[in-house]
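Everything on this sheet refers to the single structure shown next.
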Amino acid sequence: MPDSITLLFVYNLDSGVLESLHDYSTGRSTGKTACPLSAITHSPVGMKKEWKRFIKDLGITSRCLDRDQFSREFGSRSIAYPAVLVKRGTELSVLISADAVRQCQELGDLITLLKERLGTS
C-alpha cells in the first residue's frame with residue numbers, strides 16, 4: 001500500500017480510562033467485551049508491546065481512536081465498530097470489518113489478517 005495512507009484503528013469504546021477498565025473487567029468476568037479489538041490489543045495497563053511493535057514496524061502512519069473521537073473528527077458514518085479503516089486523503093474505506101475483528105481470537109490472528117489485507121504477509 002502506498003505511503004500516503006493512514007490506518008485508523010477504531011475501538012468500540014468511548015474515550016476515557018473508566019470506559020476501558022469497565023470493558024476489560026466485564027470481558028474478563030463474562031467472556032464478552034464491547035470491543036474485541038481492544039481486548040486483543042490491550043492489557044489492563046495499556047497497549048500490548050507486541051502490537052505496538054508490529055504497528056511501528058508496518059511503516060504506515062497509524063492512529064488509534066475511540067468511537068467518540070472518530071465521530072468528532074470524521075462525522076457520523078455507517079460503520080460498525082470496532083473496525084480498521086484506511087484513510088486516503090479525505091476518503092475512508094473499511095480494511096477489516098467488525099465481523100472480521102470478532103473472528104480474531106488472539107493478537108496473532110489480527111496481525112495475520114492485517115498483513116493479508118495489506119498484502120505484506
Problem - Ile60 free of Cβ contacts under 8 Å to residues at least 60 places away in the same chain and under 23 Å from Glu116 (Cβ atoms) - result: yes
Completion exercise
Thr120 meets each of (1) buried (at least 18 other Cβ atoms within 10 Å of the Cβ); (2) assigned to a loop (DSSP other than H, G, I, E, B); (3) of a type outside the set (Gly, Ala, Ser) with one exception, condition (1)
Problem - Pairs with Cβ under 9 Å, 6+ apart, first in the stretch 73-95 and under 16 Å from Asn12 (Cβ atoms) and free of Cβ contacts under 8 Å to residues at least 40 places away in the same chain, second among the aromatic types (Phe, Trp, Tyr) and buried (at least 16 other Cβ atoms within 10 Å of the Cβ) - result: Arg77/Phe70
Handout entry: the stretch 96-117 residues that are more than 10 Å from Pro36 (Cβ to Cβ), paired with ones that are surrounded by 13 or more Cβ atoms within 10 Å (Cβ to Cβ) and hydroxyl-bearing (Ser, Thr, Tyr) (beta carbon under 8 Å, 6 or more apart)
Key = Leu107/Thr41
Fill in the blank from the handout: Checking Leu65, Leu37, Leu113, Leu118 in turn, the sole residue that is within 15 Å of Thr6 (Cα to Cα), of a type in the set (A, V, I, L, M, F, W, C) and in contact with a strand residue (DSSP E or B) (Cβ under 7 Å, 6 or more places away or on another chain) turns out to be Leu65
Fill in the blank from the handout: For the stretch 42-55 the number of residues that are at pLDDT 95 or above and either over 16 Å from the mean Cα position of the chain (by Cα) or not in a loop (DSSP other than H, G, I, E, B) (or both) is 7
Fill in the blank from the handout: Of the residues in the stretch 6-36, those that are buried (at least 17 other Cβ atoms within 10 Å of the Cβ), among the hydrophobic types (A, V, I, L, M, F, W, C) and modelled with pLDDT under 95 come to Leu13, Ala34, Cys35
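The values are calculated or read from the model by the stated rules, or taken from the named source; none is laboratory data. No experiment lies behind these values; they were computed from the predicted model shown. Cβ coordinates were reconstructed from backbone atoms using ideal geometry, including for glycine residues, and neighbour counts include every protein chain displayed.
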